[in-house]
Amino acid sequence: MAKIHFYYGVMASSKSALLCINAYNLNRTGNKYEVLKPTTDNRDSTSEIVSRIGLHTPALALKNLDKYKPKRGTQFILIDEVQFFTPKDIDKLFQIADNSKITIFCYGLVVDSNGNMFPASERLFALNAERHEIETVCEMPGCVNSATHHLRFNTNGDVVRGGSQVEVGASQYKSVCRQHFRKLYDGQKVR
């Protein structure tokens with residue numbers, strides 16, 4: 001039985017960069033690995049993981065994991081934007097890990113811009129994936145608290161409440177601490 005690791009953090013916390021670094025190191029040491037991503041993640045590329053700092057690595061984009069089967073000899077699977085998969089897909093990952101010696105590294109968000117957990121992330125927590133928080137600082141000027149949430153803004157700079165849980169793109173989001181999330185999302189003035 002192998003482990004499943006879940007590296008999670010807010011947007012722009014370097015999750016994709018960490019995946020690319022892990023892929024580089026696995027390749028350098030001769031380990032066999034596969035890199036996956038959901039087709040929903042089409043922000044920068046449909047065939048690569050691309051980090052905001054410019055690192056990239058080839059990836060197989062899949063709508064779901066129903067028919068996915070690791071290639072023979074695979075030792076590691078790295079998955080970016082895991083939150084866009086389904087709980088059923090997460091169950092499949094645990095089945096792979098439990099029935100093989102393949103270690104799985106998942107990278108993604110826990111909550112959406114409305115403060116609700118993504119179902120796939122919730123399933124990773126429920127099935128006890130080994131959790132690794134990637135910390136970063138709140139993007140509000142002068143705040144040094146850890147960012148725990150993200151807010152989505154419209155073109156007028158107003159906070160978007162509700163709407164689709166999945167909205168791919170980075171320009172309309174800010175990663176914020178819980179205090180700023182609650183004040184801005186609820187429409188209160190921030191002191």
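The values are calculated or read from the model by the stated rules, or taken from the named source; none is laboratory data. In this text the structure is predicted, and so the values were computed from the model without any measurement. FYI the Cβ positions are ideal-geometry reconstructions off the backbone, even for glycines, and counts take in every protein chain you see. Remember, those area values only see protein heavy atoms, side chains included, never the ligands or the DNA or RNA. Shrake-Rupley method; radii C 1.70, N 1.55, O 1.52, S 1.80 Å.
Within segment 1-13, can one find any residue that is more than 30 Å from SER146 (Cα to Cα), assigned to a strand (DSSP E or B), hydrophobic (A, V, I, L, M, F, W, C) and open to solvent by 50 Å² or more (accessible area, probe 1.4 Å)? Reasoning before the result, please.
To start, the set of residues in segment 1-13 that are more than 30 Å from SER146 (Cα to Cα) comprises 1-2.
From the residues that got through so far, the ones that are assigned to a strand (DSSP E or B) too are none.
Taking every residue of segment 1-13 in turn, none turns out to be more than 30 Å from SER146 (Cα to Cα), assigned to a strand (DSSP E or B), hydrophobic (A, V, I, L, M, F, W, C) and open to solvent by 50 Å² or more (accessible area, probe 1.4 Å).
Going residue by residue through segment 50-70, is there one that turns out to be within 12 Å of the chain's Cα centre (by Cα) and under 25 Å from VAL176 (Cβ atoms)?
Restricting attention to segment 50-70, the residues satisfying the condition of being within 12 Å of the chain's Cα centre (by Cα) are 51.
Still in the list and also under 25 Å from VAL176 (Cβ atoms): 51.
Yes, because at least one residue in segment 50-70 is within 12 Å of the chain's Cα centre (by Cα) and under 25 Å from VAL176 (Cβ atoms).
Suppose we filter segment 27-58 for residues that are in contact (Cβ under 8 Å) with a residue 40 or more places away in the chain, among the polar types (S, T, N, Q) and under 28 Å from ASN145 (Cα atoms); how many remain?
Here is the first cut: in segment 27-58, the ones in contact (Cβ under 8 Å) with a residue 40 or more places away in the chain are 31-38, 40-43, 52.
Cutting the leftovers down to among the polar types (S, T, N, Q) gives us 31, 40, 42.
From what's left, under 28 Å from ASN145 (Cα atoms): none.
Here the count works out to 0.
Please enumerate the residues belonging to segment 134-147 that are within 19 Å of SER16 (Cβ to Cβ) and part of a loop (DSSP other than H, G, I, E, B). Lay out the reasoning, then the answer.
Residues of segment 134-147 within 19 Å of SER16 (Cβ to Cβ): 134-137, 139, 147.
Listed by number, the residues that qualify are ILE134, GLU135, THR136, GLU139, ALA147.
Within the bounds of segment 62-76, is there any residue that is under 26 Å from LEU151 (Cβ atoms), touching a strand residue (DSSP E or B) at 6+ places or on another chain (Cβ under 8 Å) and charged (D, E, K, R)?
At the first step, the residues of segment 62-76 found to be under 26 Å from LEU151 (Cβ atoms) are none.
No, there is no match, as no residue in segment 62-76 is under 26 Å from LEU151 (Cβ atoms), touching a strand residue (DSSP E or B) at 6+ places or on another chain (Cβ under 8 Å) and charged (D, E, K, R).
Criterion first (open to solvent by less than 40 Å² (accessible area, probe 1.4 Å) and over 17 Å from the mean Cα position of the chain (by Cα)) does VAL144 satisfy it?
Spelling it out, it is not the case that VAL144 is open to solvent by less than 40 Å² (accessible area, probe 1.4 Å) and over 17 Å from the mean Cα position of the chain (by Cα).
Does THR86 fit the bill of being within 29 Å of VAL176 (Cβ to Cβ), without any contact (Cβ under 8 Å) to a residue 60 or more places away in the chain, touching a Leu at 6+ places or on another chain (Cβ under 7 Å) and of a type in the set (Ser, Thr, Tyr)? Spell out how you get there, then give the answer.
Numbers: within 29 Å of VAL176 (Cβ to Cβ): yes; without any contact (Cβ under 8 Å) to a residue 60 or more places away in the chain: yes; touching a Leu at 6+ places or on another chain (Cβ under 7 Å): no; of a type in the set (Ser, Thr, Tyr): yes.
Considered against the rule, which asks whether it is within 29 Å of VAL176 (Cβ to Cβ), without any contact (Cβ under 8 Å) to a residue 60 or more places away in the chain, touching a Leu at 6+ places or on another chain (Cβ under 7 Å) and of a type in the set (Ser, Thr, Tyr), THR86 comes out as no.
Cβ-Cβ below 6 Å, separation at least six or inter-chain, first residue in segment 1-26 and in contact (Cβ under 8 Å) with a residue 24 or more places away in the chain, second crowded, with 23+ Cβ neighbours inside 10 Å and part of a loop (DSSP other than H, G, I, E, B): which pairs?
ILE4/ALA129; PHE6/ALA129; VAL10/ALA147; SER16/ASP80; LEU19/ASP80
Could you tell me which residue of segment 147-163 is modelled with the lowest pLDDT, considering only residues that are under 15 Å from ASN114 (Cα atoms) and exposed (fewer than 15 other Cβ atoms within 10 Å of the Cβ)?
Taking segment 147-163 first, the residues under 15 Å from ASN114 (Cα atoms) are 147-154, 158-163.
Cutting the leftovers down to exposed (fewer than 15 other Cβ atoms within 10 Å of the Cβ) gives us 154, 158, 161-163.
Details: ASN154: 83, ASP158: 85, ARG161: 85, GLY162: 78, GLY163: 70.
Once the filter is applied, the top-ranked residue is GLY163.
Residues that are in contact with an Asp or Glu (Cβ under 8 Å, 6 or more places away or on another chain) and polar (S, T, N, Q): does segment 19-35 have at least one? Walk me through it before giving the result.
Step one: of segment 19-35, the residues in contact with an Asp or Glu (Cβ under 8 Å, 6 or more places away or on another chain) are 19, 35.
Adding the requirement that they be polar (S, T, N, Q) leaves none.
No: zero hits.
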